[in-house]
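To keep things clear, I will list the structure first and then write my remarks on it.
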Amino acid sequence: MAKVLMKGNEAFGEGAIRAGCRFYFGYPITPQSELAHFLAKRMPEVGGTFLQAESELASINMVFGAAGAGARVMTSSSGPGISLMQEGISFIACAELPCVIVNIMRGGPGLGNIAPVQSDYFQATRGGGHGDYRLIVLAPSSVQEIIDLVWEAFVLAEKYLNPILMLGDGLLGQMMEPVELDEEKEFFIPLRPWAASGRMGGPKRIINTLYIVPEEAEKHNFKLNQKYKEIEVKEQRWENYQTKDAQLVLVAFGTAARVCKGVVDYCREQGLPVGLIRPITLWPFPDKAFDYILSLGTVRYFLSVEMSTGQMIEDIRLAVDGRRPVHFYGRFGGMLPVLTDVVKEVKKLLLKEEP
Amino acid sequence: MYKKVFARPKALEDVPFHFCPGCTHGIIHRLIAEVIEELNVFEQTIGVCPVGCAVFAYNYFACDIFQAAHGRAPAVATGIKRALPDRVVFTYQGDGDLAAIGMGEIVHAAARGEKISVFFINNSVYGMTGGQMAPTTLPGQVTTTTPYGRDREINGNPVRVCEMFSVIDGAAYVARVSVHNPANIIKTKKAIKKAFQVQLSGLGFALVEILSACPTNWGLSPAEALNWLAENLIAYYPLGDFKIPKEEAKNV
Ligand SMILES: Cc1ncc(C[n+]2csc(CCOP(=O)(O)OP(=O)(O)O)c2C)c(N)n1
Ligand code: SF4
């Protein structure tokens with residue numbers, strides 16, 4: 001097992017290559033461009049295709065075409081580019097095609113800035129475009145986890161025939177960490193009898209998103225919804241950190257979760273019973289993590305720590321369902337939550353009732 | 001025994017078209033299907049159909065087919081062709097689709113020299129959405145969004161697509177044809193065939209603009225519509241080859 005130093009953005013690329021992805025279409029935008037630079041070099045080495053599109057409108061529709069023709073395909077972008085892709089993502093979700101989309105979030109709204117934020121949470125977890133659909137949203141919080149989850153992303157995409165969104169931020173994308181790369185795992189591309197790849201003697205395949213008859217559209221929406229329900233049951237992922245006897249449980253993902261792990265360690269040293277739930281799937285949101293912790297009976301508060309003005313907190317409140325108070329601490333616009341400030345919030349809650 | 005002189009091409013499904021009476025979309029569908037059969041590429045052909053009156057193309061063409069978002073067919077076709085370079089990929093796009101909302105995608109597909117065949121149906125209006133102004137609507141032409149006639153001061157000028165694409169490197173074959181009478185229908189079929197042949201010989205991007213009638217939104221009878229096309233559309237959009245593959249150009 002070789003340990004190599006790798007940048008987060010490059011890890012998305014290397015992970016994709018190792019997962020058998022051979023097609024990438026994208027348009028440059030900071031802070032994810034290293035991913036494109038990396039794949040521009042790497043794709044030709046493995047006989048794959050890297051194509052710089054003229055816009056994100058084009059890149060997501062190239063993804064639609066390649067995925068519908070049966071290819072394992074990926075794109076990446078950030079804020080404004082992901083917004084432009086939404087029509088295409090909605091089409092891909094409707095047509096039930098597998099693909100992986102990476103969003104290295106940047107400050108918004110508008111052009112915002114290129115600093116790390118988590119303010120695309122709503123867009124990511126609510127479908128993002130028009131219509132009733134969901135994306136599976138994966139939120140790695142280390143470079144190693146990027147490599148591991150990209151593999152997983154392609155597996156999930158093809159298992160459920162659904163686009164997968166990987167959510168990172170500028171910090172995760174830019175930072176370098178040592179990663180362990182397995183000997184290259186054998187990847188496997190399942191048969192795609194649904195792909196419109198030319199009949200070649202077989203039956204006709206149509207990749208379609210038009211359901212002009214309401215009865216048929218309802219049927220299709222119902223089918224999609226059944227799939228989403230199955231995903232909600234089967235695919236929730238999260239990490240518990242020091243939650244067993246915790247009276248205050250922080251909830252944070254991605255970069256914010258890294259800060260929060262430090263907070264937990266610091267608080268524990270001071271004898272404060274603090275733990276962390278780190279959602280790895282943002283959709284499906286890991287409700288089960290909350291049911292489990294509430295069943296232990298020790299938790300008194302939840303504190304959502306986000307790099308936004310408070311988006312994930314809505315899902316936490318839905319999961320906790322009034323059983324405990326859910327508090328919020330956030331930094332935004334590209335500012336990071338700092339350990340000492342989060343600790344202050346923790347103490348405010350935990351120590352206010354102490355005699 | 002009689003010789004069969006007319007049959008439904010294999011690339012066309014045995015279902016009735018939904019188009020309005022006198023609409024020439026149906027003729028163009030048939031020509032494309034005939035060419036696919038004549039070139040013997042049916043099994044490897046993948047179509048990309050637009051949002052527009054031809055959105056149901058997937059019910060009519062018997063080959064594998066994608067229904068793309070409005071204007072994005074060239075990007076979808078690029079993804080398909082890059083994934084499957086040995087397949088034959090065509091797009092079928094209206095003037096709103098190709099020359100308004102999808103202008104970015106088509107220009108760059110041409111500039112990249114994507115080896116796809118594009119059939120661009122210019123009927124000078126948005127058919128599907130109720131006869132609004134298209135980028136190709138003629139000056140003075142009345143549409144539902146230019147009730148006083150297209151005014152260049154307000155609505156700008158029509159886009160001449162072939163002229164524009166004639167100067168794009170990467171576009172190997174660019175031609176404008178029409179389907180208003182049998183002689184021109186035969187020429188249109190030839191152009192469609194050429195567009196596929198250009199793709200098959202790997203020469204690059206091919207675009208055939210086909211002037212087409214929309215009697216419904218022009219407010220004309222089918223016969224009047226064909227006359228109107230001949231007199232007005234062709235006057236603004238002259239027919240002919242705008243770019244032919246280099247090798248052929250040398251021999252001329
Ligand atoms: C993003 C988006 N905007 C608008 C529409 C509505 N729309 C559907 S077809 C169309 C225009 C069709 O006109 P054209 O491309 O000329 O084809 P025709 O119907 O005349 O064959 C429009 C505006 C849409 N489907 N998607
Ligand atoms: S509205 Fe026009 S383009 Fe559409 S089917 Fe009718 S005649 Fe043809």
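The values are calculated or read from the model by the stated rules, or taken from the named source; none is laboratory data. Owing to the predicted nature of the structure, the values given are computational and were not obtained by experimental measurement. Cβ atoms come from the backbone with ideal geometry, glycine included; neighbour counts cover every protein chain shown. Surface areas here come from the heavy atoms of the whole protein model, side chains and all, with no ligands, DNA or RNA. Shrake-Rupley method; radii C 1.70, N 1.55, O 1.52, S 1.80 Å.
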Summarise the partner chain shielding of A:200-212 as one whole number: the mean count of Cβ atoms from other chains within 10 Å of each residue's Cβ. 5
So for region B:139-252, what percent of the C-alpha to C-alpha distances run longer than 17 Å? 62 percent
Note on region A:61-116: the mean projected area of its alpha-carbon convex hull, in nm², is 3.8 nm²
Rounded to the nearest 500 deg cm²/dmol, what is the calculated helix-only ellipticity per residue at 222 nm for the protein assembly as shown, with -39500 (n - 2.57) per DSSP H run of length n ≥ 4? -11500 deg cm²/dmol
Most fluctuating residue of A:Pro214, A:Pro116, A:Pro193 in a GNM of chain A with Cα springs under 10 Å: which is it? A:Pro214
Order B:52-62, B:202-212 from most to least packed using the mean count of other Cβ atoms within 10 Å. B:202-212, B:52-62
Considering only DSSP states other than H, G, I, E and B, which chymotrypsin sites (Phe, Trp or Tyr not before Pro) in region B:126-197 qualify as loop sites with at most 15 other Cβ atoms within 10 Å? B:Tyr148
Which helices, counted as full DSSP H runs in chain A, have an axial Cα extent of no less than 20 Å and a Kyte-Doolittle average of 0.5 or above? A:143-160
For chain A, built as a Gaussian network whose Cα springs stay under 10 Å, the top-fluctuating residue of A:Ala217, A:Ala157, A:Ala256: A:Ala217
When Cβ neighbours within 10 Å are restricted to other protein chains, what is their mean count per residue of peptide A:91-98? 1
Using only the Cα atoms of chain B, what semi-axes does the equivalent ellipsoid have when each is the square root of 5 times a gyration tensor eigenvalue? Give whole Å, largest first. 26, 22, 18
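Between beta-carbons, use under 14 Å as the cut-off and find the net charge around A:Ala124, counting Lys and Arg +1, Asp and Glu -1.
Once all neighbours under 14 Å are counted, the net charge is -2.
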The lysines whose Cα lies under 28 Å from the Cα of A:Lys223, excluding any fewer than 8 residues away in the same chain, are A:Lys159, A:Lys204, A:Lys234, A:Lys288
For B:Ala11, distant residues with modelled amide H under 5 Å away: B:Glu37
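Beta carbons within 10 angstrom, averaged per residue: use that to sort the peptides A:290-297, B:128-135, highest first.
Numbers: A:290-297: 14.5, B:128-135: 19.1.
For the peptides A:290-297, B:128-135, the packing ranking is B:128-135, A:290-297.
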Report, by chain and number, residues whose modeled amide H sits under 5 Å from the one on A:Ile114, excluding near sequence neighbours (fewer than 5 apart, same chain). A:Gly107
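Take every Cα pair under 8 Å in chain B that's 6+ residues apart, average their separations, divide by the length, and report that relative contact order as a whole percent.
It rounds to 19 percent for chain B.
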Across A:Glu216, A:Glu180, A:Glu345, the residue with the highest GNM fluctuation in chain A (Cα network, 10 Å cutoff) is A:Glu216
In whole µm²/s, the translational diffusion coefficient that Stokes-Einstein assigns to the protein assembly as shown, given a Kirkwood hydrodynamic radius over C-alpha pairs, 37 °C and 0.692 mPa s, equals 125 µm²/s
Please report, largest first and rounded to whole Å, the three semi-axes of the ellipsoid equivalent to chain A, where each semi-axis is the square root of five times an eigenvalue of the C-alpha gyration tensor. 36, 23, 18
Net charge near A:Glu230, counting Lys/Arg +1 and Asp/Glu -1 over other residues with Cβ under 14 Å of its Cβ? +3
Give the average, rounded to an integer, of partner chain Cβ atoms located within 10 angstrom of each Cβ in B:82-88. 6
Using DSSP loop states and a limit of at most 16 other Cβ atoms within 10 Å to flag trypsin sites (Lys or Arg not before Pro), what is the longest stretch of chain A containing no flagged site? A:1-125
With every atom except the alpha carbons ignored, what do you get for Rg and Dmax of region B:168-232, in angstroms? 14.3, 42
Rank-order A:52-64, B:179-191, B:26-38 by packing density, defined as the average count of other C-beta atoms within 10 Å over each peptide's residues, highest first. A:52-64, B:26-38, B:179-191
Of the DSSP H helices in chain B, those whose Cα atoms cover at least 18 Å axially and whose Kyte score averages 0.0 or more: B:25-38
Local electrostatic count, B:Glu13, Cβ distance below 12 Å [Lys/Arg +1, Asp/Glu -1]: +3
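Relative contact order of region B:109-252, please, whole-number percent, based on alpha carbon pairs below 8 angstrom and at least 6 residues apart. Working shown, then result.
Details: 259 pairs, mean separation 44.6, N = 144.
Once normalised by length, the contact order is 31 percent.
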Accessible area per residue, 1.4 Å probe, Å², for region B:25-105: what's the number? 20 Å²
Sequence-distant residues sharing a close amide H with A:Met166 (under 5 Å, placed H): A:Ile101, A:Val102, A:Asn103, A:Leu138
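Regarding region A:259-351, what's the average projected area of the Cα-atom convex hull, expressed in nm²?
Result: 6.0 nm².
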Are any of the pairs A:Lys7/B:Lys81; B:Lys81/B:Lys189; B:Lys81/B:Lys194; B:Lys81/B:Lys243 more than 20 Å apart by Cα-Cα distance, and if so, which? A:Lys7/B:Lys81; B:Lys81/B:Lys189; B:Lys81/B:Lys243
What's the extension gain from A:Thr309 to A:Gln247 if we count 0.36 nm per residue and subtract their Cα-Cα distance? 19.9 nm
Computed Rg/Rh for region A:66-208 (Cα atoms; Rh = Kirkwood radius) stands at 1.01
Loop-resident chymotrypsin sites (Phe, Trp or Tyr not before Pro) in region A:151-246 with no more than 16 other Cβ atoms inside 10 Å, DSSP not H/G/I/E/B, are A:Phe187, A:Phe188, A:Trp194, A:Tyr211
Can you send over the carbon and sulfur percentage of the accessible area for region A:238-350, probe radius 1.4 Å, protein chains only? 52 percent
Once normalised by the length of chain A, the mean sequence separation of its alpha carbon contacts under 8 Å that are 6 or more apart gives a contact order in percent of 18 percent
